[in-house]
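We did not get these values from a lab; they are worked out from the coordinates using the rules stated. All values derive from a computational prediction rather than experimental measurement. All Cβ positions, even for glycine, are placed from backbone atoms using ideal geometry, and neighbour counts span all protein chains on display.
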Amino acid sequence: LYCEHEISVAEILAARIEEGAIPAAPIWSDGKTVTRPAVREYVRRRCGSEGIGLFTAGYPCSPFSVAGKRRGRDDPRHLWPFIVDAIDCYRPAICFFENVAGHLRLGFGTVRRNLEERGYSIQAGLFSASEVGAPHQRLRLFILAVDDSTDDFEAAIEAEYND
């Protein structure tokens, strides 16, 4: 299941599915509703008893960006609570998130606390676009959360990529 609000990005996902670059799956447009019964049933049928291995999200950066008003959880675009709902609903083995560097100073403490309270070990770091070959810096925060009950992290990642 892919979830993307922006039509232009959903079109890119659809094109990548058609090319065979990513697995075929529905594209859901509202991150606030991915825990609805029909979506849960689809995920249950697709994933079976194994559940979700990998959950990734780049939730909106506007609430945390130094370029914005930095309203945090008071920003109507703040979607972290819905991400937490999805984690509670699907209990993925591995979560991987991306956001702006300013999120470290505003909101990241809540993210870390929410994940740790749910039994995830967290690693986070700032990486620049130039580290992966882009011509600009643009620092981004990446957060990796692994369910403490995951016995073999490398096997979990391998299974996700060989699916």
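For the reader, a short list of remarks on this structure follows.
- Relative contact order of the chain, defined on C-alpha pairs under 8 angstrom at six or more residues apart (%): 18 percent
- Over the chain, DSSP H runs of length four or greater, each weighted -39,500 (n - 2.57), average out per residue to a 222 nm ellipticity of -10000 deg cm²/dmol.
- Seen from every direction in turn and averaged, the convex hull around the alpha carbons of segment 1-61 projects onto 4.6 nm².
- Label-reachable residues, segment 86-117, where backbone N falls under 20 Å from a point 7 Å from Ala129's Cα toward its Cβ: 97-104
- Residues of segment 118-141 with amide N under 18 Å of a point placed 7 Å along Cα→Cβ from Arg91: 118-121
- Förster radius 30 Å - calculated FRET efficiency between Ser49 and Ile122, Cβ distance, rounded to 0.05: 0.70
- The orientation-averaged projected area of the convex hull spanned by the Cα atoms of the chain comes to 10.4 nm².
- Within the shell defined by Cβ-Cβ distances under 11 Å, the residues around Ala57 carry a net charge of -2, with Lys and Arg each +1 and Asp and Glu each -1.
- Sum of side-chain charges, Asp147 neighbourhood, beta-carbon under 9 Å (Lys, Arg +1; Asp, Glu -1): +1
- Fraction of antiparallel bridges per DSSP, the chain only, in percent to nearest 5: 70 percent
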